1. Leaving ligands, DNA and RNA out of it, report the carbon-plus-sulfur percent of the accessible area of segment 157-221 at a 1.4 Å probe.
2. Restrict the search to segment 103-187; then list the GluC sites (Glu not before Pro) that DSSP places in a loop and that have at most 14 other Cβ atoms within 10 Å of their Cβ.
3. Please give me, ordered by residue number, the trypsin sites (Lys or Arg not before Pro) of segment 88-172 that lie in loop per DSSP and have at most 13 other Cβ atoms within 10 Å.
4. DSSP beta bridges in segment 187-363, what fraction antiparallel, as a percent rounded to 5?
5. Taking θ = phi - 60°, what integer Hz values does the Karplus form 6.51 cos²θ - 1.76 cosθ + 1.60 yield along segment 301-313, in sequence order, with x for Gly and Pro?
6. Report in % the part of the accessible area of segment 1-108 that belongs to carbon and sulfur, leaving out ligands and nucleic acids; probe 1.4 Å.
7. How big is the gap, in Å, between the Cα center of segment 153-202 and the Cα center of segment 282-340?
8. What figure in square angstrom, to the nearest 10, would you give for the accessible area of Leu159 with a 1.4 Å probe?
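The values are calculated or read from the model by the stated rules, or taken from the named source; none is laboratory data. Note that the structure is a prediction, hence the values are computed from the model and not measured. As a convention, Cβ positions derive from the backbone with ideal geometry for all residues, glycine included, and neighbour counts pool all protein chains shown. Areas reflect the complete protein model, heavy atoms only, side chains present, ligands, DNA and RNA absent. Shrake-Rupley method; radii C 1.70, N 1.55, O 1.52, S 1.80 Å.
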Amino acid sequence: MSWAFLTRANSERDLIDELGSSFKPRQAAEGLVSAEARPKRHDGHLAELAFARQAMKVAGTAPTDPPRLMKALASALADHEPKRAREGTWTWALQVVAPDGNDPLDPRRKVAAAIEEALEAQLADALPASVQARRVGDAEADRLLQVWVGTPDKAWIGLTAGTQVQSRVAGGKTKLKRPADAVSRSGLKLEEAIGWIGLGPDKGDLCADLGAAPGGWTQVAVGRGATVIAVDPAKMKVELPKKRFVHAQQSAFEYVPAETLDWVICDMAWRPIEVAQLLAKWGNRVWARQLIANFKLPMTQKAAILRQVLRILEDGGWRGLRARQLFHDRDEVTVFGWLDPGLAVLGPKPPFEFRSRAKQTAEGPKKAPRPRKEPRGRGGRATGRGDGPRGRSGGRSSPRGGPRKGGRGGRAR
Ligand SMILES: C[S@@+](CC[C@H](N)C(=O)[O-])C[C@H]1O[C@@H](n2cnc3c(N)ncnc32)[C@H](O)[C@@H]1O
């Protein structure tokens, strides 16, 4: 069973490099890469591919003239029907996509629009009676019935499980609209990342934003209810409530948080390997529990550098690492990771105030931390696994044992 992938125009090479030669990947068309198989993770699940926007388990190719294409799609649905007993009543959604291209007048777009119109009007009638499956929306379908117009004459078709497509959005393009008050376009990258991960700085969370200026990411995180320490030598250009935001006007390579934070988010315009090393330090020292970082990859060997970045982060203790070149990313890749919730944290935590250790050494702390009533079992600094306090939530983790959602139960800061 072969696979096909949509990618950004000009990123085909990156995806081919990422897949690796053993899967025999090749550029099938502009914005479209095919491969004989797809890499798996250590646990046997399909690996997420950073440079693929969407994936398709290829059922075949078909001419793009609607009657013949319709026949091929009907037979793909009918072929799947016997497996229904195993899956129960199943549902499908139709997606017709013209892959990404450089030509603003790419003829594949017109062909895709014509196909979509014809299929919307006639596909239901063309299905054999054996097909009992219901058609539903993209977000809820068990399977996506995919039509990718690789060339004006030839479409790739597939019926792929919703869990295997990488994105349920047609073409994998999550287009977000820049809010009127957004200080930069960059905020969209964080918003898209949060949608992709399903998790992000939230109400009550404490978050460091490395490379924060002019303030788009900070704005998004504060807008979601987090308190943000924005670290950047450059000027911030956002007006935000003082209680929820502070600017540490210094290099992120010098900044040291005073306690374990819920998140470190990072959009620093700096060399990716050095940024990865910095974030590995954040992991090793348990300075933050969860990570969203955007790595700038202007070089040609993006996949190789990304592999190196991920290795460095993993050595830094970051787990569950995922990487994607998101729609709003340019020559960049966004990475998510989390730390083992059992790791020791820095604490106990005083009410929020901006304290950089580097600053404290130079000037001494502004005021002694006010002693705070700790719930039972939250004594002094934790020294290891199972040794008293384990994070802001006392070691609570998500049900999957993965990243923790939400903050500290609404503790006022
Ligand atoms: C792409 S901009 C960040 C945009 C920001 N995320 C936003 O949404 O507005 C990159 C930023 O990285 C910052 N930067 C570069 N080197 C840095 C360093 N060593 N420490 C902190 N920030 C740095 C730059 O000053 C610049 O403001």
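1. Details: 1170 of 2250 Å².
About 52 percent, which is the carbon plus sulfur part of the accessible surface.
2. When the GluC sites (Glu not before Pro) of segment 103-187 are filtered for loop state and at most 14 Cβ neighbours within 10 Å, Glu140 remain.
3. On the way: sites: Arg108, Arg109, Lys110, Arg134, Arg135, Arg143, Lys154, Arg168; in loops: Arg168.
Loop-located and lightly packed - none at all.
4. Working: 12 of 30 bridges.
Roughly 40 percent of the DSSP beta bridges within segment 187-363 come out antiparallel.
5. With the stated coefficients, segment 301-313 comes to 8, 5, 5, 5, 5, 4, 4, 5, 4, 5, 5, 5, 5 Hz.
6. Values: 2500 of 4960 Å².
Accessible surface attributable to carbon and sulfur in segment 1-108 totals 51 percent.
7. Using only Cα atoms to place each centre, the spacing works out to 18 Å.
8. Counting only protein heavy atoms, Leu159 exposes about 20 Å² to solvent.
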